[in-house]
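Heads up, the thing below is written out as structure tokens.
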Amino acid sequence: MTVVTRFAPSPTGFLHIGGARTALFNWLYARHHKGKFLLRIEDTDRERSTEAAIEAIFGGMKWLGLDWDEEPIFQFSQRERHVEIANQLLEQGKAYYCYASREELAEMRETARAEGRPPVYDGRWRDRDPSEAPAGVDPVVRFKSPNEGNTIVHDKVQGDVTFANEQLDDMILLRADGTPTYMLSVVVDDYDMGVTDIIRGDDHLTNAARQIQLIEAIGWAVPNHTHIPLIHGPDGAKLSKRHGALGVEAYRDMGYLPEALRNYLLRLGWSHGDDEVISTEQAIEWFNLENIGKSAARFDFAKLENLNGLYIRSANDAYLTGLVAPILAEKTGQDLSPNQLNLIEKAMNGLKERAKSVNSLAESSVFLIAERPLALDKKAKSLITEEASAVLMRLADRLEILDVWNAETVEAAIRAAADAEDIKLGKIAQPLRAALTGTTVSPGIFDVLDVLGREQSVGRIRDVLSE
Ligand code: GLU
């Protein structure tokens, strides 16, 4: 049977990091089995579902490279089908109308609590004759769930989890206004979409038991279940914003590469021996449900940052230039010229060595496209002493007359200058870096000169001398 998985977010907020991991696991499982990965937008909560959230989900998934098969299903648009199944259950005596009023239900829960019982619906309309229905009350439709025995969720991660049926009350399938509930909609949609494997957060484990009861009553095959432990913060507490429970776009804006985040999310709850750096191709080849961890994973920003650095260093220079360009354009207020783009791409090999994020990469590229005369930061300024100025002036003269301009020839010229001045290379390199970049950190100084070219380099040196 072809594996069919689905990701079923509710569009009431952004695609947060936990949801992204669920999507990734579903995607990997489907790709591993050459099956299908479907997307279902659970937009039945009309008040809280927004167009912006739907866009954020699509955008976040695309950015992460999690492509889905077929058109996304919007759950709300399937509501007639959900109602049809509820009616079918009514006809078969597997569901019933419940006329209990709000007050009655509140009182029922109160009494249960007072008596130390779980506040569940007591089934008071389960076997009552509909002729007893009070006039003018719109009933809800409840599922006649089994009262005895157990329901077992055969879970690929949690193992067999047994629920006593008496603990699971007769849930509502259709509200008094006739709209289907989440429980009914999920079951019907999963069936209609041909979902074979449900992979989601373990906060849905109890729902699974209820859904299995419903599926069995309808007479459909129960899909495989995999409930993934939730993500916790580094301190073991539930993931909060402070811990990184942010939307995927926040990670993009912080300068993480999608491939680094994907790798990080994969390792957050799944393992393959001691492997930390796992390419997407390898992930597709290796992914399985057996190696999903049984305990909550802890979110660790430092680890993510580390991976991001690794991915940046091994990324293609043109690709990184493409990511840095819009950030720089925003900083400077204008699009980069082809020359500037070339300059950045040429310098990228040196720049990416130090970068931890795309943002820091952009930050460290600014000097390349800066207009002369450069504004030096405080530290850089302090390096341009009178003595250093004199050395730089003589160096500029040497550089100006070089026959050929490349990393080797400028290095030779600078070494010769240091020898002639009888000072260490660093004594020249530091103020030189300050003059060329306006800061005290940059890629190797010879590379900087090479990339900037003669005119800019000599010009920038002379600019600080004349200040
Ligand atoms: N819409 C549910 C959620 O966002 C997921 C339902 C499911 O995966 O079955 O939590």
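In table form, for the structure just shown:
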{"read-out": "Filtered residues of segment 388-408 (kept if in contact with a Lys or Arg (Cβ under 9 Å, 6 or more places away or on another chain) and surrounded by fewer than 16 Cβ atoms within 10 Å (Cβ to Cβ))", "value": "Met393, Glu400, Leu402"}
{"read-out": "Residue match in segment 438-450 (condition: farther than 21 Å from Ser364 by Cα and surrounded by 13 or more Cβ atoms within 10 Å (Cβ to Cβ))", "value": "no"}
{"read-out": "Tabulated pairs, segment 339-367, first in a loop (DSSP other than H, G, I, E, B), second among the β-branched types (Val, Ile, Thr), C-beta under 8 angstrom, 6+ apart or interchain", "value": "Lys352/Ile312; Arg354/Val441; Ala355/Ile312; Lys356/Ile312; Ser357/Ile312"}
{"read-out": "Close pairs (7 angstrom Cβ cut-off, 6 or more residues apart or separate chains): polar (S, T, N, Q) in segment 376-400, surrounded by fewer than 16 Cβ atoms within 10 Å (Cβ to Cβ) anywhere", "value": "Ser389/Leu465"}
{"read-out": "Selection from segment 407-428 of residues that are at pLDDT 95 or above, under 19 Å from Asn349 (Cβ atoms) and not acidic (Asp, Glu)", "value": "Thr409, Val410"}
{"read-out": "Matching residues, segment 401-438, being among the aromatic types (Phe, Trp, Tyr) and in a helix (DSSP H, G or I)", "value": "none"}
{"read-out": "Check on Thr151, among the hydroxyl-bearing types (Ser, Thr, Tyr) and within 14 Å of the ligand (Cβ to nearest atom)", "value": "no"}
{"read-out": "Flag for Thr196 being surrounded by fewer than 18 Cβ atoms within 10 Å (Cβ to Cβ), touching a residue at least 60 places away in the same chain (Cβ under 8 Å), within 26 Å of Pro72 (Cα to Cα) and of a type in the set (S, T, N, Q)", "value": "no"}
{"read-out": "Scan of segment 4-16 for residues that are away from the ligand (no atom under 11 Å from the Cβ) and either touching a Ser or Thr at 6+ places or on another chain (Cβ under 7 Å) or assigned to a helix (DSSP H, G or I) (or both), ordered by number", "value": "Val4"}
{"read-out": "Residue match in segment 17-32 (condition: within 14 Å of the ligand (Cβ to nearest atom), of a type in the set (Ser, Thr, Tyr) and free of Cβ contacts under 8 Å to residues at least 40 places away in the same chain)", "value": "no"}
{"read-out": "Cβ pairs under 6 Å, 6+ apart, first in segment 102-126 and over 15 Å from Val140 (Cβ atoms), second assigned to a helix (DSSP H, G or I)", "value": "Pro119/Arg109; Pro119/Ala112; Pro119/Arg113"}
{"read-out": "Number of the condition not met by Ala283 [criteria: (1) crowded, with 18+ Cβ neighbours inside 10 Å; (2) in a loop (DSSP other than H, G, I, E, B)]", "value": "(2)"}
{"read-out": "Residue match in segment 363-373 (condition: among the charged types (D, E, K, R) and within 38 Å of the chain's Cα centre (by Cα))", "value": "yes"}
{"read-out": "Tally of residues being of a type in the set (Val, Ile, Thr) and either in a helix (DSSP H, G or I) or more than 20 Å from the chain's Cα centre (by Cα) (or both) across segment 28-60", "value": "3"}
{"read-out": "Single residue of segment 33-45 satisfying the filter (basic (Lys, Arg) and surrounded by fewer than 21 Cβ atoms within 10 Å (Cβ to Cβ)) that is farthest from the ligand (Cβ to nearest atom)", "value": "Lys34"}
{"read-out": "Subset tally (residues that are in contact (Cβ under 8 Å) with a residue 40 or more places away in the chain and within 23 Å of Ser382 (Cβ to Cβ)) for segment 434-455", "value": "14"}
{"read-out": "Test: residue in segment 409-417 that is in contact with a Phe, Trp or Tyr (Cβ under 8 Å, 6 or more places away or on another chain) and either closer than 18 Å to Arg354 by Cα or crowded, with 21+ Cβ neighbours inside 10 Å (or both)", "value": "yes"}
{"read-out": "Flag for Leu323 being of a type in the set (A, V, I, L, M) and either farther than 30 Å from Ala237 by Cα or not in a helix (DSSP H, G or I) (or both)", "value": "yes"}
{"read-out": "Strands (runs of 3 or more DSSP E) enclosed by segment 112-164 - at least 1 residues per element that are in contact with a Lys or Arg (Cβ under 7 Å, 6 or more places away or on another chain), surrounded by 13 or more Cβ atoms within 10 Å (Cβ to Cβ) and at pLDDT 95 or above", "value": "140-143"}
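The values are calculated or read from the model by the stated rules, or taken from the named source; none is laboratory data. Every value quoted in this text rests on a predicted model; they were computed, and no experiment measured them. Neighbour counts are summed over all protein chains in view; Cβ atoms, including those assigned to glycine, are modelled from backbone coordinates with ideal geometry.
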